[in-house]
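Each remark here refers to the structure printed beneath this line.
The values are calculated or read from the model by the stated rules, or taken from the named source; none is laboratory data. Computed from a predicted structure; not experimentally measured. In this analysis, Cβ positions are derived from the backbone assuming ideal geometry, glycine residues included, and neighbour counts consider all displayed protein chains. The accessibility values were calculated without ligands, DNA or RNA, using every heavy atom of the protein model including side chains. Shrake-Rupley method; radii C 1.70, N 1.55, O 1.52, S 1.80 Å.
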Amino acid sequence: MNLKQLISHCKEYGFIFQSSEIYDGLAAVYDYGPLGIELKNNIKQYWWKSMVQMHQNIVGIDSSIFMHPKTWEASGHVDAFNDPLIDNKDSKKRYRADQLIESYVGKIEAKSQKDIDKASAKFGDAFDEVQFRSTNNRIIDRQTKIDYALNAMNKFLASEDMEGLKNLIEELEIACPESGSRNWTEVRQFNLMFSTQLGNISGEESKLYLRPETAQGIFVNFLNVQKSSRQKIPFGIAQIGKAFRNEIVARQFIFRMREFEQMEMQFFVRPGEEMKWYEYWKESRMKWHKALGTPEDHLNFHNHENLAHYANAAVDIEFKFPFGFRELEGIHSRTDFDLLSHQELSGKKLQYFDPELNENYVPYVVETSIGCDRMFLSQMSMALQEETVPDANGKESTRVVAKLHPALAPVKAAVLPLVKNKEELVNAASDVYNKLKKDFICQYDEKDAIGRRYRRQDAIGTPFSITIDFETLENNTVTIRERDSMDQQRIPIEQLNKRISEVTSINNIL
Ligand code: ATP
């Protein structure tokens, strides 16, 4: 399914709505509907259980969105949380300069990929992509162009040379995707933090920011948490919460939002041991993704060439979204940058006494940071499929099925009386529903023919549909239909609970 179809599916079934839709919406802000919130909660639960519940040395917090304004001076966000933006004078559209260059590169790479696909189809098993890339003249020429553009861009970004970026866009003859013109403004730095006022005092003194990342709430609480939970280094603090960024180019549905949710964990380690833990968390987080059944070819590591001001190593876990490989999660070795800056600006010591080394130090930090909404999009885009299957009469029909991992599926089981006008069946089905609802999110549905009800459940990813029929009244058995295989089995009612939890429990993937 493409992104457009995914967006309309999410709306139709109550996963995600545009915020304030009746007022024509608010750009890059979205609301989660009845099924969306369940899926999102399951994602959070999977993360929280894996991080906090499964690690004795990781504890959770829930810090405020508002923080003392000095926090953002210390973290560098006031000075350095900027995107380079450029406007097209004809279309009046605003772009991130680096993204314009990246999409120019993407287009060149797509041409090469086409040639590679063609050659691969022609030569079959004998095709060697590495050799083809290094010998085909057209591909070599394109690669030279790509390397030139990326090297120049990285150089200008690192030195914050906005004029250089503008000149590069002109030199590469990049046109506005909307107007097709090359009539650009200068490139300007734009701070991504939203600000507001504290109480009724105006001016810089009372300026508050909506946090652009949850991490700083962890750093400023580092000693409170360490002391109160008696943790010893290495240990981690985890948090799930909202973050806000005034993204210039907010497209691609919930991939880039202005209000979003992060799941972040800061792991505090001895100075000098950060690379060991960086490698550890890199592997551990990749395993977390794969445990959901995400195929290898949908996940990538992408090392950062431009390191943020606070990092000495950084890698993204990229996912193959409908619009290509993009960052899903970041793993960053943040050194002692944040704690040291907070220590300096607040005048309060943020040191840890290491009893084994008998010494005080400011710990180093390895961070894992994943966007809950991006995780949602990754799961939905992988799950939604259109399939040709036989219908009840054995004829071919199409079904839309959300093959979500059963542990993430919003509804675990649907309880369906075969027909709705037989009181005994309806009563028996209500009994089953009332029993199961204590342990699982279930839906009771008696409207329409059974085949249509199955299709509705397929479309929202329900792993099991349980049908109560006349045989149920005789021997207390039901048919249980499995979403992906569509296999149906008769089992006793008392086995339902075990059967559903065996497949849908998050514990299976921890
Ligand atoms: P990008 O390069 O895509 O802007 P980033 O490198 O700024 O992302 P981080 O600051 O590392 O992102 O944030 C950690 C995670 O938070 C990201 O991996 C992503 O999953 C999520 N995230 C960041 N910005 C957004 C956003 N605007 N909307 C949704 N999720 C986001």
* Asked: Of the residues in region 307-353, how many are on the phi > 0 side of the Ramachandran plot and open to solvent by less than 40 Å² (accessible area, probe 1.4 Å)?
  -> 2
* Name every residue in region 313-350 that is more than 28 Å from LYS276 (Cβ to Cβ) and either of a type outside the set (Lys, Arg) or away from the ligand (no atom under 15 Å from the Cβ) (or both), in order of residue number. => PHE321, PRO322, PHE323, GLY324, LEU345, SER346, GLY347, LYS348
* Structure fact -> Given the conditions (1) of a type in the set (D, E, K, R); (2) modelled with pLDDT of 95 or more; (3) in contact with a strand residue (DSSP E or B) (Cβ under 6 Å, 6 or more places away or on another chain), every one holds for ASP83 apart from (2)
* To do: Please list, ordered by first then second residue, the pairs with beta carbon atoms under 8 Å, 6 or more apart or interchain, first in region 381-393 and closer than 18 Å to PRO406 by Cβ, second outside any strand (DSSP E or B) and hydroxyl-bearing (Ser, Thr, Tyr).
  => MET382/THR294
* Asked: So ARG188 clears everything in (1) without any contact (Cβ under 8 Å) to a residue 60 or more places away in the chain; (2) more than 16 Å from the ligand (Cβ to nearest atom) except one condition, right? Which one?
  -> (1)
* Asked: In region 274-297, what residues are open to solvent by 60 Å² or more (accessible area, probe 1.4 Å) and closer than 14 Å to GLY236 by Cβ?
  -> TYR280
* Structure fact -> When (1) open to solvent by 20 Å² or more (accessible area, probe 1.4 Å); (2) in contact (Cβ under 8 Å) with a residue 60 or more places away in the chain; (3) more than 30 Å from ALA459 (Cβ to Cβ); (4) part of a strand (DSSP E or B) are applied to VAL366, the one that fails is (1)
* Asked: What do you reckon, is ASP439 of a type in the set (Asp, Glu) and at pLDDT below 95?
  -> no
* To do: Among what's in region 369-393 and is open to solvent by 30 Å² or more (accessible area, probe 1.4 Å) and outside any helix (DSSP H, G or I), pick the residue that is farthest from the ligand (Cβ to nearest atom).
  => ASN393
* Structure fact -> Output for Cβ contacts, cut-off 7 Å, separation at least six or different chains, first residue farther than 21 Å from ARG456 by Cα in region 433-445, second open to solvent by 30 Å² or more (accessible area, probe 1.4 Å) and not in a strand (DSSP E or B), reads ASP439/ASN497; ASP439/SER501
* Asked: Across region 104-125, what is the total count of residues that are without any contact (Cβ under 8 Å) to a residue 12 or more places away in the chain and under 26 Å from the mean Cα position of the chain (by Cα)?
  -> 2
* Scan region 147-157 and give yes if some residue there is touching a Leu at 6+ places or on another chain (Cβ under 7 Å), open to solvent by less than 70 Å² (accessible area, probe 1.4 Å), assigned to a helix (DSSP H, G or I) and in contact (Cβ under 8 Å) with a residue 24 or more places away in the chain, otherwise no. => yes
* Given the residues TRP48, TRP72, which is the only one that is closer than 30 Å to GLN343 by Cα, within 16 Å of the ligand (Cβ to nearest atom) and of a type in the set (A, V, I, L, M, F, W, C)? -> TRP72
* **Selection from region 241-268 of residues that are surrounded by fewer than 22 Cβ atoms within 10 Å (Cβ to Cβ), more than 8 Å from the ligand (Cβ to nearest atom) and of a type in the set (A, V, I, L, M)** => ILE248, VAL249
